[in-house]
Every structure is written in C-alpha cells, then in structure tokens.
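> Input: one structure, supplied below.
Nothing in this text is a laboratory measurement; each read-out follows from the coordinates by a stated rule. All values derive from a computational prediction rather than experimental measurement. Because the Cβ atoms are built from the backbone with ideal geometry, glycine has one as well, and the counts that use them run over all protein chains shown.
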Amino acid sequence: MKVSVILTSYNHAKYLRQAIESILSQTFSDFELIIWDDASTDESWEIITSYNDPRIRAFRNAFNMHRGNINRGLEKAQGEYIAIHHSDDVWEPEKLEMQVAFLDAHPEFGAVFTWATIIDDEGNELTNTDHFYYKVFEQPNRSRYEWLNYFFYHGNALCHPSVLIRKQCYLDVGAYRYGLAQSADFDMWVRLSLKYEIYVIPQKLVRFRVHADESNASGSKPENLVRFYFEYLQILENYKSISCFQEFAKIFPEARKFERGGGEDLNFVLGMISVVASPYIFTTLFGLNLLFAAMQDEQRAQKVEKMYGFTQKDFIILTGQHDVFSVGKFIEYSTKITHLNQVLSERDAQIAQLTQTLTEIHNSKTWRVALFLRKTLEMIAPRGSKREDVIRKTLSLLQSLYSNFQKSK
C-alpha cells in the first residue's frame, strides 16, 4: 500500500459526498481511505456507509470525542505515505499523483504540501482580499531552517488537507498532540521541520472551505483568538529542543551576536531573541520564562553573566519593561472608564437641572397664557392660511405686552 488517506468526519453531510468522491476519483489509485466519523448527528454516517468500495475502511466513535481521530487513523494506516483530508474540503484529481511522484523522487524531504483555492460554503472561490485565508497558503519554498524562523515569527501558513507525509515522520516526531484544538497541525509542522525538509507544490490542488459562521477550527471567533495565544505558547516549547548553536543560528541568524566559540547557553539566547525581537506578547512571556529559568541555577547564572554580561538586575529591568499581562492596558481602560463615569454623572446633574427649569416654565402663568394663545391661533388660522402671518404677529405683540405687564406688577 502506497498511501493511506485519513478523512475526519463530523456533521458535514452537506459536503461529505463531494469530499469522498474527490478522493476516489484521484488519478493515483494505490491508496486506502480511512474515514473516521466522530459520532455525527446528521446523515454523515449513512453517506459513509453507502459506499461499497474495497479501498474504504470506515470507523465511528460511540460518542463525540472532539479529538484524536487523526491519531486513531494513523494507528490503522498501512500506507508508506499519509494524506490528511477533512469532510468539508475537496481535492483536485491529480493531487496524490503529483505528491507521490515528488516524495518518490526526493527521499530527503519528509512531506509535501500544495497551495489551495479558498472556497465558501457554496463552493464559490473567496473574493474577499482582506480575509485571513485569502492567500495565506500561497507560500514560497523555504529550507527547514527558514520555515522554523517563519513559524516562530509569523505562525502557520501550510494547508493541513494538502499534506502528503511519510509515515516514518510520524514515528520519528510523534503523533498530533492533544489539547491543541486549533493548532495541532501547526505544532506538527514545527516538530517536523526540526528534523525534515518540506516542500510546497505551487499549484492549487486543494479546495479549502472557509465557513461564513467561522466554524472552522481556526475561525475568527473571540474564543479562538484567546485559545490561539495559549496554544502558540505551547508550540514555542518545541524550539527548546535545539541543541546545536550552528543549527540554532541557521534558524535565527540574529543569534550570531551571541556566539562565543562554544558552550553557548541556547535557551538563554532563545529567551533573549524571544523578548527582544518577537512582535507577540505570548512569545515575550515565553522568553522571560526562559531567562527566569537561567537565573535559578547559580552556576548557570554566573556563566550567563560571564558570557553575555546579563545579570539578575538586567532580568528584573526586562520584567518591568514588558507588560505581558497587559496591566498597563487595564490601568488605561480603568482610567478611561472612571473619566466616562464622571462625565456621565455631570451630564445627569445637568439633565436634572434642565428638567427642573422646564417644569418651572410649564407651571408659570406666562407659559399657560402663551399656550392658550397658540391653541387659539391654530383654531382660527391653520398653518398655511393667508391670515396666519398677521395673527402670529398679533400673538407676538400680545405676548410681549403680557410680559411687560407681569414685570411692572
């Protein structure tokens, strides 16, 4: 068996048949299709079991498990190469053929990806150029060191359902980690790039569906953004496994200034790079934690001071400069809220004063007379009549006379 395709399924009955057909109609045919349904509540399982193709092996969880279905599929996989598919995406017919040919011809590469066409719920190509996914997968090829640098500073840019990866890679770097709801594939690409070169075929061989309700695992929803920060922080931990300074410097060329001819403290260097160069708060927190750990071992702290001139005092200054918990923003917003509450209180007082003044005016004799005269005017000279202007002038004169009379009393 050359390829094992693992298709994960959950409540995508609307798209599932198209996803399965796009696999079965591949120009490359030496594959098995492992479908793992996560206890769908729609017609997904009925659609899956309606196929009578010997290449299909279907499994269904007894209850919705929300995780681990690709890993379960990997345990069943018999192929030399593994392809991942999702039940709402679509493959172009020549995808597997092109990817298998590449891996067969390039044993030094661990995985091959492709570009993707981004489609909406109805299968139409995405035209919103401001959308995050619009061209995110149209990446140039990079060395594994350059990819690790890109992942560190920019995040994921590889399309999961486009991958064809050697099964041996999973054996070497491990399966997908649990607890990463929307970044498990990103975590895998970082671990993969620490050992293997990867390649991206610059052709759109996958149709990647983005849902209008942002129901994709990495959709733009508040809870996903909150979760993303935590998950990214966990993924950064992979960089601590780099043990050779020359390898480290290929990933982070800016680390050359920390080279000392051998014996460099790589986690200290990683901490400094994370604090100084990263644009993300969670990367800064990651770096400060690394530097804090360096301060806890007296011998290590002395070595860091001797090699880099970095002391505990310097560390304490850094922890005051980098607001990783957004305390400054909290204080700023609290101050603004206090100010707005004060403004609202002053407005309430002004409204109360105006209301009192208006009540006094309504209760005055002058107001009652003016109101009587206005009503009389409306009765004897409706708006727009020829006599209206004369009567209004008369009314104004009467009001003036009445006011003077009131003052003279």
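> Give the order of Glu122, Glu92, Glu97 when sorted by the count of other beta carbons within 10 angstrom, beginning with the fewest.
Glu122, Glu97, Glu92
> Please list the non-local residues whose amide H lies under 5 Å from the amide H of Phe310, H modeled 1.01 Å from N, same-chain partners needing a gap of 5 or more.
Glu305
> A further question follows. What share of Cα pairs, in percent, lie more than 34 angstrom apart in the chain?
Everything past 34 Å amounts to 51 percent.
> Sort the following peptides by mean Cβ neighbour count (other Cβ atoms within 10 Å, averaged over residues), highest first: 174-187, 279-292.
Top to bottom by mean Cβ count within 10 Å: 279-292, 174-187.
> May I pose another question? With N residues in region 274-349, what two-decimal value do you get for its Cα radius of gyration over 2.2 N^0.38 Å?
Rg over 2.2 N^0.38 Å, computed on Cα atoms: 1.70.
> Let me ask you something else. Order by neighbour count: Glu21, Glu197, fewest other Cβ atoms within 10 Å first, most last.
Glu21, Glu197
> In terms of Cα to Cα distance under 13 Å, which aspartates and glutamates are near enough to Lys76, apart from those fewer than 8 places away along the same chain?
Once the sequence-local aspartates and glutamates are set aside, what remains near Lys76 is Glu32.
> Let me ask something else. Tell me, what ³J(HN,Hα) does each residue in region 190-201 have, in order and in whole Hz, if you take phi through Karplus 6.51 cos²θ - 1.76 cosθ + 1.60 with θ = phi - 60° and put x for Gly and Pro?
5, 5, 5, 5, 5, 10, 10, 7, 10, 9, 10, 6
> Taking Cα atoms, how many degrees apart are the long axis of helix 327-363 and the longest axis of the chain, rounded to 10 and kept between 0 and 90?
For helix 327-363, the angle is close to 20 degrees.
> Using 24 Å as the Cα-Cα cut-off, could you pick out the over-long pairs in Lys135/Lys257; Lys95/Lys250; Lys195/Lys250?
Working: Lys135/Lys257 35 Å; Lys95/Lys250 32 Å; Lys195/Lys250 14 Å.
Over 24 Å apart, Cα to Cα: Lys135/Lys257; Lys95/Lys250.
> Please give me the summed charge of the neighbours of Met307: other residues whose Cβ is under 9 Å from its Cβ, Lys and Arg +1, Asp and Glu -1.
Charge balance near Met307 sits at 0.
> In whole Hz and in residue order, list the ³J(HN,Hα) couplings for region 274-280 that follow from phi through the Karplus curve 6.51 cos²θ - 1.76 cosθ + 1.60, θ = phi - 60°; x for Gly and Pro.
With coefficients 6.51, -1.76 and 1.60, one gets 5, 6, 7, 9, 6, x, 9 Hz.
> Note the full-extension length gain between Asn224 and Gln353 as 0.36 nm times their separation in residues minus their Cα-Cα distance, in nm to one decimal.
Here the answer is 41.6 nm.
> Moving on to the next point. Where does each of Phe245, Phe268, Phe28 land when they are ranked from fewest to most other beta-carbon atoms within 10 angstrom?
Ordered by Cβ neighbours within 10 Å, fewest first: Phe28, Phe245, Phe268.
> Under 5 Å between amide H atoms, partner at least 5 residues away or on a different chain: which partners does Arg57 have, H built in plane at 1.01 Å?
Answer set, sorted by chain and number: Leu33, Ile34, Ile35.
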